[in-house]
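Shown next, in structure tokens, is the structure this report addresses.
The values are calculated or read from the model by the stated rules, or taken from the named source; none is laboratory data. This one's a predicted model, so the numbers in the text were calculated from it and none came from an experiment. No Cβ is skipped: glycine too gets one built from the backbone with ideal geometry, and neighbour counts run over all protein chains shown. The accessibility values were calculated without ligands, DNA or RNA, using every heavy atom of the protein model including side chains. Shrake-Rupley method; radii C 1.70, N 1.55, O 1.52, S 1.80 Å.
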Amino acid sequence: MSQRSLARELNISLGSINFCFRALIEKGLVKVQNFSNSKHKLGYVYLLTPSGITEKSQLTAAFLKRKVGEYEALKAEIDQLKAELSDDQC
């Protein structure tokens with residue numbers, strides 16, 4: 001995916017995407033490789049470095065933990081509403 005298509009997909013400016021990529025590269029989480037000599041003409045490819053993979057894994061684990069918490073809270077709320085409806089109908 002190109003920076004332009006990523007910007008379009010996320011509905012943010014191309015400059016913002018470029019700024020973020022530069023920060024990720026500077027932080028050592030993403031590595032850039034130039035494939036301009038390639039037959040496929042991919043241009044630049046952004047690769048996660050080992051520390052980038054670690055960071056991504058930690059962010060993913062935190063995201064999943066947050067989503068499980070949200071799910072459990074919603075489930076408890078739904079169960080409570082069902083119980084209230086049951087009590088009202090008796």
Test of understanding: among LEU6, LEU10, which residue is touching a Ser or Thr at 6+ places or on another chain (Cβ under 9 Å), of a type in the set (A, V, I, L, M) and modelled with pLDDT of 80 or more?
LEU10
Any chance you could count how many residues in the range 1-23 are open to solvent by 70 Å² or more (accessible area, probe 1.4 Å) and either within 12 Å of GLY52 (Cα to Cα) or touching a helix residue (DSSP H, G or I) at 6+ places or on another chain (Cβ under 8 Å) (or both)?
3
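So that you can scan it fast, the table gives a plain yes or no per residue for (1) modelled with pLDDT under 90; (2) open to solvent by 60 Å² or more (accessible area, probe 1.4 Å); (3) under 24 Å from SER2 (Cβ atoms); (4) part of a helix (DSSP H, G or I):
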residue: HIS40; (1), (2), (3), (4): yes, yes, yes, no
residue: TYR46; (1), (2), (3), (4): yes, yes, yes, no
residue: PHE63; (1), (2), (3), (4): yes, yes, no, yes
residue: LYS67; (1), (2), (3), (4): yes, yes, no, yes
residue: GLU72; (1), (2), (3), (4): yes, yes, no, yes
residue: LEU81; (1), (2), (3), (4): no, yes, no, yes
Exactly one of (1) at pLDDT below 85; (2) out of contact with any strand residue (DSSP E or B) (no Cβ under 9 Å at 6 or more places or on another chain) is unmet by VAL30. Its number?
(2)
So in the range 57-90, with the set limited to residues that are basic (Lys, Arg) and over 22 Å from the mean Cα position of the chain (by Cα), which one is farthest from VAL30 (Cα to Cα)?
LYS82
